[in-house]
Every structure is written in C-alpha cells, then in structure tokens.
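Asker: Quick one: structure below, then a few questions.
Bear in mind that the values in this text are calculations on the coordinates, not laboratory data. Treat the numbers as computed from the prediction; the structure is a model and nothing was measured. Cβ sites come from the backbone with ideal geometry, for glycine too, and all protein chains shown count toward neighbours.
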C-alpha cells in the first residue's frame, strides 16, 4: 500500500471537496465576510487571520501547496514568512479535512467527481481498513 498524502508535502495539490455546492457556497460566504471568525459548520468556528480567507479563496485544485502559499503571501502583501502562512494552511486544512471539505492529491492523480469515487481510489491505493482507521483517529 502507498503511504497516505502528507500535509507536509508542499508539492501536493489542495482542493475543495465536492461535498455539496450548498456546503461550498456556505463556506465561501463565511470566508468572504468581514466577521472576526469563520464558521466552518454548526460546530466548528475558527479565528480569521490575515491569510486564512486568501488561502481558502486561492485554492483552485491546480496549484501545489507551495504555489498556493507563495500566492497568498503575494496577494495579502504581508511580511509573513512561508512557514508562518504554511502553519495557518495546515491548521485550516486539518479542520477542513475533518468535515470532508478539503483534500490533497498528487499532480499525477486526476480530480475526483464524487466522494464515493474518492473513497474507492483511496481504498484501492491504501487499503480500506487503513483509510478508515486513519479517518477514525482524526476525530479523537
């Protein structure tokens, strides 16, 4: 079995999940607002940082994490280092992963059309039991 994608691999491509267009639209509204916090769902609210909204907005499913972070630094015109913005990305990604709203993929892997298709690919590559045990640990 191949290892699961690692958030520290900046050559992976972050993408918004195809959970539902309604869910993605609600997230887009929350990230676009000027509120001091961002509501990910009914239970998870995060603090708005100078880069969080730009990170969400600039995820296009084409740029690698490294390209995304560099673009966020450019667009926000802050003096933040790559490592600072990357830390914010990782915090956001880990929360978004828990609500199935974001994922990482290698450049060689095509985008998926549905969650069942993504699961099927993951189970085939990494083993169903392993994938489910890793997912279970996310919620502990």
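Asker: Which angle between 0 and 90 degrees, to the nearest 10, do you get for helix 115-126 versus the longest principal axis of the chain when only C-alpha atoms count?
Answerer: For helix 115-126, the angle is close to 60 degrees.
Asker: What length, rounded to one decimal in nm, is gained on full extension from residue 42 through to residue 7, with 0.36 nm per residue of separation minus their alpha-carbon distance?
Answerer: On the way: separation 35, 0.36 × 35 = 12.60 nm, distance 2.52 nm.
Extra length from residue 42 to residue 7 when fully extended: 10.1 nm.
Asker: Quick one: angle between helix 65-76 and the longest Cα principal axis of the chain, in degrees between 0 and 90, rounded to 10, please.
Answerer: 20 degrees
Asker: With a 10 Å Cβ neighbour count serving as the proxy for reagent exposure, in which order, fewest first, do 102, 43 appear?
Answerer: So the ranking, lowest neighbour count to highest, is 43, 102.
Asker: Grab the beta carbon distance between residue 75 and residue 121, set R0 = 25 Å, and tell me the FRET efficiency rounded to 0.05. Before the final figure, lay out the partial values.
Answerer: On the way: r = 32 Å, r/R0 = 1.27.
The formula returns an efficiency of 0.20 here.
Asker: Also, quick follow-up: Could you tell me the convex hull volume per residue, in Å³, taken over the Cα atoms of region 1-103?
Answerer: Details: hull volume 10.6 nm³, N = 103.
With only Cα atoms used, region 1-103 gives 103 Å³ per residue.
Asker: When a footprinting reagent is the concern and you count Cβ atoms within 10 Å, what order do 13, 7, 55 take, fewest first? Walk me through the numbers before you get to the answer.
Answerer: Working: 13 21, 7 16, 55 26.
Placing the least packed residue first, the sequence is 7, 13, 55.
Asker: Shifting gears a bit: In deg cm²/dmol and to the nearest 500, what is the mean residue ellipticity at 222 nm of the chain if only DSSP H runs of at least 4 residues count, each as -39500 (n - 2.57), divided by the residue total? Show your work: numbers first, answer last.
Answerer: Details: 6 runs with 71 residues, N = 140.
About -15500 deg cm²/dmol.
Asker: Let me ask something else about it. Between 63, 121, 105, where does the largest GNM mean-square fluctuation fall for the chain, given springs only between Cα atoms within less than 10 Å?
Answerer: Per the Cα network of the chain with a 10 Å cutoff, 121 tops the list.
Asker: Sticking with this one: Any idea what the relative contact order of the chain is, in percent, if you count C-alpha pairs under 8 Å spaced at least 6 apart? Intermediate values should be presented prior to the final figure.
Answerer: On the way: 149 pairs, mean separation 46.9, N = 140.
Rounded, it is 34 percent for the chain.
Asker: If you find the alpha carbon centre of region 52-68 and of region 74-104, how far apart are they in angstrom?
Answerer: 8 Å
Asker: If each residue of separation counts as 0.36 nm, what is the full-extension length gain between residue 87 and residue 132 once their alpha-carbon separation is subtracted? Walk me through the numbers before you get to the answer.
Answerer: Working: separation 45, 0.36 × 45 = 16.20 nm, distance 2.59 nm.
Gain on stretching residue 87 to residue 132: 13.6 nm.
Asker: Taking the 0 to 90 degree range and rounding to the nearest ten, how far is the long axis of helix 21-32 tilted relative to the main principal axis of the chain, both from C-alpha atoms?
Answerer: Between the helix axis and the principal axis of the chain, the angle is about 30 degrees.
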